[in-house]
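Chemist: This is the structure I want to talk about, given as structure tokens.
The values are calculated or read from the model by the stated rules, or taken from the named source; none is laboratory data. Nothing here was measured: the structure is a model prediction, and the numbers come from that model. Here the Cβ is made from the backbone with ideal geometry for all residues, glycine too, and neighbour counts use every protein chain on show. Accessible surface is based on the protein model in full, side chains and every heavy atom, while ligands, DNA and RNA are left aside. Shrake-Rupley method; radii C 1.70, N 1.55, O 1.52, S 1.80 Å.
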Amino acid sequence: MADHTTLETRRADTAPDERLALLHAIEKKVLWLSTWMIHNANHLRESRDGLKVGGHQASSASVATLMTALYLDVVRPQDRVAVKPHAAPIFHALQYLMGHQSRDKLERFRSLGGVQAYPSRTKDGDHIVDFSTGSVGLGVGVTLFASLVQDYVHLHGMAPEGSEPGRMIALAGDAELDEGNIFEALLEGWKHDVRNLWWVIDYNRQSLDAVVSDRLFGRIDALFELVGWRVVTLKYGRKLEAAFARPDGAHLREWIDACPNSLYSALVYKGGEGWREHLMRDLNRYPGIRAILDEHDNDQLHALMTNLGGHDMETVLDAFHSITDDRPTCFIAYTIKGYGLPLAGHKDNHSGLMNPAQMASFQAAMGVPEGEEWEPFAGLDLPAEELSTFLRAVPLAASATRRIDSARIAVPDDIPPPRARRQSTQEAFGRILGGIAASDSELARRIVTTSPDVTVSTNLGAWVNRRGIFDRTERQDIFREENVVSAQRWVMSPGGQHIELGIAEHNLFLQLAALGLAGPLFGGRLLPIGTLYDPFIKRGLDAFNYALYQDARFILVATPSGITLAPEGGAHQSVIEPLIGLTQPGLLAFEPAFADELAVLLRWALGEIQEDDGESVYFRLSTRPIDQPERRMDGALAEGIIGGGYWLREPDPGCELAIAYCGAVAPEALAAFDLLREDLPQAGLLAVTSPNRLHRDWRADAAQGKQGFAARLLGRLPSDAAIVTVSDSHPATLSWLGGVARHKVVPLGVDHFGQSGDLPDLYHYYGIDQDAIIDAAARACLRDS
Ligand SMILES: Cc1ncc(C[n+]2csc(CCOP(=O)(O)OP(=O)(O)O)c2C)c(N)n1
Ligand SMILES: [Mg+2]
């Protein structure tokens, strides 16, 4: 049975009066500072470019109480918080009051170098921000995966000695629950029995466009309870509860309970007079209600009728402190968007900004003297000394940074490539990881893999057989116990090193985001490797981008890929993913063709994701077995592979043509090249392992006016030579290569999709087979002559 705790069942006094008075004062200050911050930013901006920014004043005001309570009374250093995007000004104000943020940055809210529109680990700093937010739904979802990662780190004995698990807390907007990723995460969390998770929903019943429908939230608690969560509803504050307890007060409760969201919002906006008119009309026959109306002037009546749970500090504190176990808990806090501001309740207030006259009267009401707008304690009734003593003692104020450092994991100098004359890069990946799994090294212990139901088909089988699946409780492999023969050993235990996910790629990326932050958040550095089919990167793309924006570090292995997966079908062909790899910030993308290249790159990537200024790494791999070159890996070759490309056949002086290929089409490029060499003996063959790295290098060169790796590589080709580029993806992946040292290009590739077939047929159909390369070379040379 779910225990549905409502406000009525918890009235214990947890906050001593003095503390409460301090929190009330700071709550008021936080509302002021956030409103001023936005006003100030708009004032500045208007004078510079005429662009205004909205979306913050009303959204921030609705959570002033919740955020003050959380940050100053509830959150412990080991807890981690994701703050809804538009509560950023409240977040910044609290950090300012705790001494973690400067006035200068607050004054430049949303400007270059100032505090960000949405809390950002990378821009505001990971010493204060636990999780970035911005794209709604993702900050909420990531807390769930972070709670799983926290368990992983603790159960593997990787947490710093003496550290306690904390709560992963999301302060969510109610409209965030429209995002499907929340529900994908909830289901996954239920499977994994997640703990220590709080989602606090700011139920202001407004989104960006409008008032949120009551229908959804009528069901929301049932939804959470279905997946094992406790739901705590903070509906009314103490004033309203006291009114309900008076004679006839039950009728007032019934009235307000039945009041549709839209009418309630409209009355909030209209104020005391509106309330009186409606209550007189509907409830005047009850003497107890008449008495309440008589005792309250319009302002008092407005304060009473808007006294919702989420704005009542005592109610909020009671609710948070009533939870003492680790069961996931959802708090539904009723609030009013724009509470305390003249914008309150208006359905169009999302982008609303207070005008100068409104701002002036708000300032007067807040008691903030002109010129003292940024003073931390101006306008408060309590002595500044008392307030600052209180703030200094807040646990989050006392620690200078929320970032935990964890030691680097050593990576061996060499990872031997799997020795098979013919193999695919996907097979090579499985073998390399299987080899690491068999070793008794710290590197092997720190790698954690995860996959959305494609563990076996992306070749993680050998790794999982040796390292097991992570589960909070020990579970045997039933098939094995029943002597059913299988190549897979799926033993689940708290020591397992693979996190098996359901088929939701979005969850994979949120999981990777959390795993990739295991070091800074939980003090246990992990080396995460996630696998999926290349085309489904698009399914999780926003979460992928989100993970990278937070500077989470991980390796993504995407396989199979391209039209090379041929008979698997047109629907699975990945055409544009290399362009994502080419352009996605925070990511280094590689598409090796051979096993020895992959071995070099994987070794390098395991170090790269640990570098302070490193990045995450994406490998696009193939299931196509191809003949492997017989060669010895030396420093120069490895450097080329990591740098993004090398000349597989160096062009000779006087060369007219080069073929540049990437990935699984290597055999076609080689075969075409061998034929062409008969007529063009000086031709060159360029193996591109990372279009992304070469492109970056070229851009950096251009910016710095010097010749870097890419320019030197392409510069070996005479300037009047042409390049035929080929890959099993969009031709734009490589067609830009001609720009590096001003060569003519004939680009081959795939710019439509949908055909399934055998490989030779498909390569022919899309014009990337040997004949097509030779034709393109002929065209290039003809055009040249
Ligand atoms: C994925 C995504 N889509 C759209 C937006 C634009 N957007 C910003 S806030 C918002 C509405 C938020 O409503 P709610 O979560 O209820 O927050 P409130 O403003 O009420 O606090 C929208 C649609 C966004 N930030 N992210
Ligand atoms: Mg809302």
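Chemist: Please name all residue pairs, on different chains or six or more residues apart, with Cβ atoms under 9 Å, provided the first residue is in region 568-595 and is at positive phi and the second residue is surrounded by fewer than 23 Cβ atoms within 10 Å (Cβ to Cβ) and hydroxyl-bearing (S, T, Y).
Modeler: G569/S756; G586/T122; G586/Y549
Chemist: Output the number of residues of region 207-233 satisfying the condition of being open to solvent by less than 30 Å² (accessible area, probe 1.4 Å) and within 16 Å of ligand 1 (Cβ to nearest atom).
Modeler: 3
Chemist: Kindly evaluate G581 against the criterion of being within 30 Å of the chain's Cα centre (by Cα), at pLDDT 95 or above, surrounded by fewer than 24 Cβ atoms within 10 Å (Cβ to Cβ) and not basic (K, R).
Modeler: no
Chemist: Next up: Check whether at least one residue in region 278-290 is among the aromatic types (F, W, Y), away from ligand 1 (no atom under 16 Å from the Cβ) and either outside any loop (DSSP other than H, G, I, E, B) or more than 24 Å from L317 (Cβ to Cβ) (or both), and report yes or no. Quick ask: steps written out before the conclusion?
Modeler: From region 278-290, those among the aromatic types (F, W, Y) are 286; that's our starting set.
Imposing the further condition that a residue be away from ligand 1 (no atom under 16 Å from the Cβ) reduces the set to 286.
Remaining after also requiring either outside any loop (DSSP other than H, G, I, E, B) or more than 24 Å from L317 (Cβ to Cβ) (or both): 286.
Within region 278-290, one or more residues are among the aromatic types (F, W, Y), away from ligand 1 (no atom under 16 Å from the Cβ) and either outside any loop (DSSP other than H, G, I, E, B) or more than 24 Å from L317 (Cβ to Cβ) (or both).
Chemist: Step by step: first the residues of region 106-145, then only those that are surrounded by fewer than 18 Cβ atoms within 10 Å (Cβ to Cβ) and at negative phi, then the one that is nearest to the chain's Cα centre (by Cα). Which residue is that?
Modeler: So the residue we want is S135.
Chemist: Looking only at region 315-338, which residues are away from ligand 2 (no atom under 16 Å from the Cβ) and surrounded by 20 or more Cβ atoms within 10 Å (Cβ to Cβ)?
Modeler: If the condition is that a residue be away from ligand 2 (no atom under 16 Å from the Cβ) and surrounded by 20 or more Cβ atoms within 10 Å (Cβ to Cβ), then T315, V316, L317, D318, A319, F320, P328, T329 are the ones that fit.
Chemist: To continue, here is another question. Can you confirm whether region 93-109 contains a residue that is basic (K, R), modelled with pLDDT under 95 and either in contact with an Asp or Glu (Cβ under 7 Å, 6 or more places away or on another chain) or away from ligand 2 (no atom under 16 Å from the Cβ) (or both)?
Modeler: yes
Chemist: Let me ask something else. Mind checking which residues of region 750-784 are small (G, A, S) and surrounded by fewer than 20 Cβ atoms within 10 Å (Cβ to Cβ)?
Modeler: Just the residues of region 750-784 that are small (G, A, S), to begin with: 754, 756-757, 767, 772, 776-778, 780.
G754, S756, G757, G767, A772, A778 - these are the residues of region 750-784 that are small (G, A, S) and surrounded by fewer than 20 Cβ atoms within 10 Å (Cβ to Cβ).
Chemist: Restricting the search to region 170-193, which residues are within 20 Å of D325 (Cβ to Cβ) and more than 16 Å from ligand 1 (Cβ to nearest atom)? Before the answer, list the steps.
Modeler: Taking region 170-193 as the starting set, the residues that turn out to be within 20 Å of D325 (Cβ to Cβ) are 170, 186, 189-190, 192-193.
Scanning region 170-193 gives L186, G189, W190, H192, D193.
Let's see how each residue does on (1) in contact (Cβ under 8 Å) with a residue 40 or more places away in the chain; (2) among the basic types (K, R); (3) in contact with a Gly (Cβ under 6 Å, 6 or more places away or on another chain):
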{"residue": "V724", "(1), (2), (3)": "yes, no, no"}
{"residue": "S727", "(1), (2), (3)": "yes, no, yes"}
{"residue": "V750", "(1), (2), (3)": "yes, no, no"}
{"residue": "S756", "(1), (2), (3)": "yes, no, yes"}
{"residue": "L759", "(1), (2), (3)": "yes, no, no"}
{"residue": "Y766", "(1), (2), (3)": "yes, no, no"}
{"residue": "D769", "(1), (2), (3)": "yes, no, no"}
{"residue": "A777", "(1), (2), (3)": "yes, no, no"}
{"residue": "L782", "(1), (2), (3)": "no, no, no"}
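Chemist: Being within 16 Å of ligand 1 (Cβ to nearest atom), at negative phi and part of a helix (DSSP H, G or I): is that true of G274 here? Break it down stepwise before answering.
Modeler: Details: within 16 Å of ligand 1 (Cβ to nearest atom): no; at negative phi: yes; part of a helix (DSSP H, G or I): yes.
So G274 does not fit the description; no.
Chemist: From the list G237, G249, G271, which one is farther than 22 Å from T65 by Cβ and open to solvent by less than 20 Å² (accessible area, probe 1.4 Å)?
Modeler: None of the other options fit; the residue is G249.
Chemist: From the list L433, L391, which residue is in contact with a Ser or Thr (Cβ under 9 Å, 6 or more places away or on another chain) and in contact (Cβ under 8 Å) with a residue 60 or more places away in the chain?
Modeler: Exactly one residue qualifies, and that residue is L433.
Chemist: Let me ask something else. Among the candidates P691, P747, which residue alone is modelled with pLDDT of 95 or more and either farther than 16 Å from F590 by Cα or open to solvent by 50 Å² or more (accessible area, probe 1.4 Å) (or both)?
Modeler: That would be P747, the only listed residue that is modelled with pLDDT of 95 or more and either farther than 16 Å from F590 by Cα or open to solvent by 50 Å² or more (accessible area, probe 1.4 Å) (or both).
Chemist: From the list L144, L177, which one is in a helix (DSSP H, G or I) and within 16 Å of ligand 2 (Cβ to nearest atom)?
Modeler: L177
Chemist: Within region 342-363, work out how many residues are within 13 Å of ligand 1 (Cβ to nearest atom) and either in contact (Cβ under 8 Å) with a residue 40 or more places away in the chain or surrounded by 23 or more Cβ atoms within 10 Å (Cβ to Cβ) (or both).
Modeler: Residues in region 342-363 being within 13 Å of ligand 1 (Cβ to nearest atom) and either in contact (Cβ under 8 Å) with a residue 40 or more places away in the chain or surrounded by 23 or more Cβ atoms within 10 Å (Cβ to Cβ) (or both): 9 in total.
Chemist: Quick one: in region 161-206, which of the residues that are open to solvent by 40 Å² or more (accessible area, probe 1.4 Å) and either touching a Pro at 6+ places or on another chain (Cβ under 8 Å) or aliphatic (A, V, I, L, M) (or both) is farthest from N349 (Cα to Cα)?
Modeler: Only one residue tops the list, namely R195.
Chemist: Out of L686, L717, I need the residue that is touching a His at 6+ places or on another chain (Cβ under 7 Å) and buried (at least 24 other Cβ atoms within 10 Å of the Cβ). Which one?
Modeler: Result: L717 is the single residue among L686, L717 that is touching a His at 6+ places or on another chain (Cβ under 7 Å) and buried (at least 24 other Cβ atoms within 10 Å of the Cβ).
Chemist: How many of the residues making up region 505-553 are farther than 13 Å from L148 by Cβ and in a helix (DSSP H, G or I)?
Modeler: Number satisfying all stated conditions: 21.
Chemist: Considering only residues that are modelled with pLDDT of 75 or more and of a type in the set (A, V, I, L, M), look in region 196-215 and name the one that is farthest from G137 (Cα to Cα).
Modeler: My answer is L197.
Chemist: Please state which of the following conditions R285 fails to meet, knowing it meets all the rest: (1) free of Cβ contacts under 8 Å to residues at least 12 places away in the same chain; (2) within 16 Å of ligand 2 (Cβ to nearest atom).
Modeler: Every listed condition holds for R285 apart from (2).
Chemist: Residues in region 291-314 that are surrounded by 15 or more Cβ atoms within 10 Å (Cβ to Cβ) and not in a helix (DSSP H, G or I): how many?
Modeler: Number of matching residues: 5.
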